[in-house]
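Single-structure report; data block below.
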């Protein structure tokens, strides 16, 4: 029996909601991926596999996909203290200096490649995070279903996620 205490970030339910948030946002903004996986362990490699956006799609859509994970966790775990995540939202630069490689810091690096001004980059990311929250609230039933299937199976294909988001309908 393991003596390691399970924390929300290491639980399969937490990871499932996190990756479901990314996957559902990817479907909504028209991105594609091969599969979405949850992986628990010291060398966690869960996430969207071969994630790609279609030519001509915006940088802000990509940021929304990145924000989908933490946003889904916030919606699923409203009772958890997110003060550290709130700090992250307010100061990506702080986390970047600490060497963190989470979704927020990757989003900041991506945006800063195109928009060097830090204040403008942070404004865009914050705006997209709020938009992601609004969208995922609307699509919450799909996020829950994707998270439940991910927790049960560990991996879903792009077609599996698309089917769930579309409510089982073939043409939506």
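Annotation: extensible slack from residue 58 through residue 39 equals 3.9 nm (criterion: 0.36 nm per residue apart, minus Cα-Cα distance).
Take the Cα of residue 148, step 7 Å toward its Cβ, do the same at residue 50, and the gap between the two points is 2.9 nm.
Bear in mind these aren't lab numbers, they're just calculated from the coordinates by the rules spelled out. If you're wondering where the values come from, they're calculated on a predicted model, not measured in any experiment. Neighbour counts run over all protein chains shown; Cβ positions are idealised from the backbone, glycine included.
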